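**Q** Encoded as C-alpha cells, here's the structure I'll be asking about.
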Amino acid sequence: MSSLKANALSAFLIKYGILIAFLVICILLSIATPFFFTSQNILIVLRQVSINGILAIGVTFVIITGGIDLSLGSVLALTGVVAAGFAHPDTYPLIVPIGLALMTGLIIGAANGFIITLGKVAPFIVTLGMMTIARGLALVWSGGRPVTNLSPAFNYIGGGDFLFIPVPILLFLLVIILSGVTLKYTRIGRYIYAVGGNEEAARASGIRVNRVKLFAYILCGLLAGLAGVVLAARINTGQPNAGIAYELDAIAAVVIGGTSLMGGRGSIMGTVIGVLIIGVINNGLDLLNVSSYYQQIVKGVIIIGAVLLDRRGG
C-alpha cells in the first residue's frame, strides 16, 4: 500500500512539481519584498520574459525531436538588424521589415534542418556553426554598428500597449496558444513526439522523420525571427551584438519546464512555466538588490537540478 502511495506521489510531483515550485517561489518573493506582487511589477516581468519565451517555445519543438539549437541568439541579432534596416520612417510599410525578419529566421532554420537531416551532422555541431555564421552576417549587414532611426510604428511592436497590455506580451500569448494547439492537437505535433521518443520506430511506422525535424527547425528559426523583431522594436535599434547567450536562457527554460533533453517528452505550458521561473527569480533578486553575479549562480543550480530530476523521472 505504501508503495502505491509513493508511486502516486512521485507521479504527482513529476506532473505538477514545476508548477508547485513556481508558486512557492512567487509566495516567498511576495513575503520577501512588498513590491513583487503588484500589477506593475507583474507586467514588467511578463514584458521581460516575452522575448525569451518566444525563443524557448521555438526550441521546445526542436528539443522534443531530440535535437538542439544553439544559434538562437545570433539569429535573433541577425533578424533584428535586418528588420531595423527596413524600418526607417517614411520608407517601407511595416509588413516589409517584419516579413523580411521572419523570412530570414525561417531560411536559417531551414538551413539547420537540411544540414542535420540530409547531411547527417549532429545538431550541436550544425547549430554551433550557424551561431557563428549568423552573428557574422549580422555584423556584415550592419557594418558592425547599431541600426537606428526606426519608425514609431515599428517601435510600437516592442514598446506599445494594446488595451493596456504591452504588445510583446500579447505576441507571446499568441505564440503560446498557436504552438500549444500545434503540438497537442495536430498530426505534426504527434509526429514530433514520436520522432523524439523513438526515431527508428517512427520511421518504421511511416513517419517521414526528416520532414518532421525540418519542420521543427524551421519553426524554431521563424520564432527566433519574431523575437528579433520584438527586441529591436523594444530597444529602438537593431544591435548586431544583441542576443548573446540568449539561447542558453531559452534552453534552460525548456529544461526547467520538464522537456527531456533526450527527446520525446515536453509541453508548451511546461516551457512557459520554466520561462516564468527564470524571469521571476531574476526580477525578485533585482528587487532584493542581489548582484547579477549571484543570479547566474542561482540559474545554474536550477538548471542542474532540473536535469537531475529529468534523469530520475525518465
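**Q** Scan region 248-269 residue by residue and report those that are buried (at least 20 other Cβ atoms within 10 Å of the Cβ) and in a helix (DSSP H, G or I).
**A** Correct list: Asp249, Ala250, Ile251, Ala252, Ala253, Val254, Val255, Ile256, Ile268.
**Q** When you check Thr91 against the structure, is it crowded, with 24+ Cβ neighbours inside 10 Å and hydroxyl-bearing (Ser, Thr, Tyr), yes or no?
**A** No.
**Q** Okay, next question. Select from region 226-256 the residues that are among the aliphatic types (A, V, I, L, M) and over 16 Å from the mean Cα position of the chain (by Cα) and list them in ascending order.
**A** Across region 226-256, the qualifying residues are Ala232, Ala233, Ile235.
**Q** Something else about it: Can you confirm whether Asn236 is surrounded by fewer than 24 Cβ atoms within 10 Å (Cβ to Cβ) and either under 30 Å from Arg145 (Cβ atoms) or in contact (Cβ under 8 Å) with a residue 60 or more places away in the chain (or both)?
**A** Yes.
Conditions (1) closer than 20 Å to Leu170 by Cα; (2) of a type in the set (Phe, Trp, Tyr); (3) in contact with a Phe, Trp or Tyr (Cβ under 9 Å, 6 or more places away or on another chain), marked per residue:
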| position | (1), (2), (3) |
| --- | --- |
| Val49 | yes, no, yes |
| Gly53 | yes, no, yes |
| Phe61 | no, yes, yes |
| Gly66 | no, no, no |
| Val81 | no, no, yes |
| Ala87 | no, no, yes |
| Ile95 | yes, no, no |
| Ile107 | no, no, no |
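**Q** Right, here's the next one. What number goes with the only condition from (1) closer than 20 Å to Asn236 by Cα; (2) touching a residue at least 12 places away in the same chain (Cβ under 8 Å); (3) surrounded by 13 or more Cβ atoms within 10 Å (Cβ to Cβ) that Val175 does not pass?
**A** (1)
**Q** State the number of residues belonging to region 94-150 that are of a type outside the set (Val, Ile, Thr), within 26 Å of Phe215 (Cβ to Cβ) and assigned to a helix (DSSP H, G or I).
**A** 25
**Q** Among the numbered conditions (1) closer than 20 Å to Leu43 by Cβ; (2) under 16 Å from the mean Cα position of the chain (by Cα); (3) not aliphatic (A, V, I, L, M), tell me where Ser260 comes up short.
**A** (1)
**Q** May I ask you to say which residue of Ile278, Ile244, Ile297 is among the β-branched types (Val, Ile, Thr), more than 19 Å from Gly66 (Cβ to Cβ) and crowded, with 19+ Cβ neighbours inside 10 Å?
**A** Ile278
**Q** Does Val167 satisfy the criteria of being exposed (fewer than 13 other Cβ atoms within 10 Å of the Cβ) and within 19 Å of the chain's Cα centre (by Cα)?
**A** No, not satisfied.
**Q** Follow-up question, since we're still on this one. Ala202 versus (1) in contact with a Leu (Cβ under 8 Å, 6 or more places away or on another chain); (2) more than 30 Å from Ala153 (Cβ to Cβ): which is the lone unmet condition?
**A** Unmet for Ala202, out of (1) in contact with a Leu (Cβ under 8 Å, 6 or more places away or on another chain); (2) more than 30 Å from Ala153 (Cβ to Cβ): (1).
**Q** From the list Val280, Val301, pick out the single residue that is in contact (Cβ under 8 Å) with a residue 40 or more places away in the chain and among the hydrophobic types (A, V, I, L, M, F, W, C).
**A** Val280
**Q** Same structure again: Among the numbered conditions (1) surrounded by 15 or more Cβ atoms within 10 Å (Cβ to Cβ); (2) part of a helix (DSSP H, G or I), tell me where Gly67 comes up short.
**A** (2)
**Q** Among the residues that make up region 127-134, is at least one of them of a type in the set (S, T, N, Q), out of contact with any strand residue (DSSP E or B) (no Cβ under 6 Å at 6 or more places or on another chain) and at pLDDT below 95?
**A** Within region 127-134, none of the residues are of a type in the set (S, T, N, Q), out of contact with any strand residue (DSSP E or B) (no Cβ under 6 Å at 6 or more places or on another chain) and at pLDDT below 95.
**Q** Of all the residues that make up region 30-51, how many are out of contact with any strand residue (DSSP E or B) (no Cβ under 7 Å at 6 or more places or on another chain), surrounded by fewer than 24 Cβ atoms within 10 Å (Cβ to Cβ) and touching a residue at least 40 places away in the same chain (Cβ under 8 Å)?
**A** Final tally of qualifying residues: 9.
The values are calculated or read from the model by the stated rules, or taken from the named source; none is laboratory data. Keep in mind that what you see is a predicted model, and the values were worked out from it rather than measured. All Cβ positions, glycine included, derive from the backbone under ideal geometry; neighbour counts span all protein chains shown.
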